[in-house]
1. Could you tell me the distance between the Cα centroids of the stretch 119-145 and the stretch 14-47, to the nearest Å?
2. Using DSSP loop states and a limit of at most 10 other Cβ atoms within 10 Å to flag trypsin sites (Lys or Arg not before Pro), what is the longest stretch of the chain containing no flagged site?
3. Measure off, as a whole percent, the carbon and sulfur share of the 1.4 Å-probe accessible area of the chain, all protein chains present.
4. Could you give the angle, 0 to 90 degrees to the nearest 10, between helix 146-167's Cα long axis and the longest principal axis of the Cα atoms of the chain?
5. Give the residue list of chymotrypsin sites (Phe, Trp or Tyr not before Pro) in the stretch 114-149 that are DSSP loop and have at most 16 other beta-carbon atoms within 10 angstrom.
6. Amide H to amide H, which residues 5 or more places from D35 or on other chains are under 5 Å from it, using H placed in the peptide plane?
7. Output the relative contact order of the chain, whole-number percent, from Cα pairs under 8 angstrom with separation of 6+ residues.
8. Averaged per residue, what accessible area in Å² does the chain show with a 1.4 Å probe, protein chains only?
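The values are calculated or read from the model by the stated rules, or taken from the named source; none is laboratory data. Values in this document were obtained by computation on a predicted structure and should not be read as measured data. Note that we place each Cβ from the backbone using ideal geometry, even for glycine, and neighbour counts take in every protein chain shown. SASA here: full protein model, heavy atoms, side chains in, ligands and nucleic acids out. Shrake-Rupley method; radii C 1.70, N 1.55, O 1.52, S 1.80 Å.
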Amino acid sequence: MIGVVGAALLAALITMFLTPPTREWCFRVGGGLVDMPGGRRVNEEPMPRGGGIPIFFGFMVSAALAILVRQLRLPHAHVWTPQVTGVLLGTLCITLCGFVDDLKSLSPKLQILAMVGASLILIAFGVRVEGISNPFKTGEWLALNTLGSGLITVFWVLVVTKTVDAIDGLDGL
């Protein structure tokens, strides 16, 4: 538990440390990395759009360090698994898609294609929703077959990613 809390705190600190320079960099580069007020926008002043960059590095550095520490503490364990690789590659895919979207405003079709691609990376590396629990009956579990598991995994990645994408343009996020 301490390792998980430590990794989360490290990710938060790295993200906090990298956010101001990323903000400045976005303003320097300009273009698609700065969201200008007007139209349907809710921001009243120019807002940088590169917030995913520090979050990505905070997550990746803390994940790598947590994996390294766990491997050192348990030298005979298989800490670096295909699932870990899949999560890191899927994260990279979504982050790159978000960054390109910030720069170029990708069409919804291309965004969905990238999210499905990230989902397929997860599935290929053995990360998937294997079943659904019944919240009204303790211990009841509906196991999914391979097709159902894959479809629910793709659906989950799409819903979570688009939900974050829908709210990330609001001030203060």
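1. 38
2. On the way: sites that count: R40, K137.
Excluding the exposed sites themselves, the longest stretch runs over 41-136.
3. 71
4. 30
5. Values: sites: F125, F136, W141; in loops: F125, F136.
When the chymotrypsin sites (Phe, Trp or Tyr not before Pro) of the stretch 114-149 are filtered for loop state and at most 16 Cβ neighbours within 10 Å, F136 remain.
6. M47, R49
7. Details: 172 pairs, mean separation 33.1, N = 173.
After rounding, I find 19 percent.
8. On the way: 11820 Å² over 173 residues.
That works out to 68 Å² for each residue.
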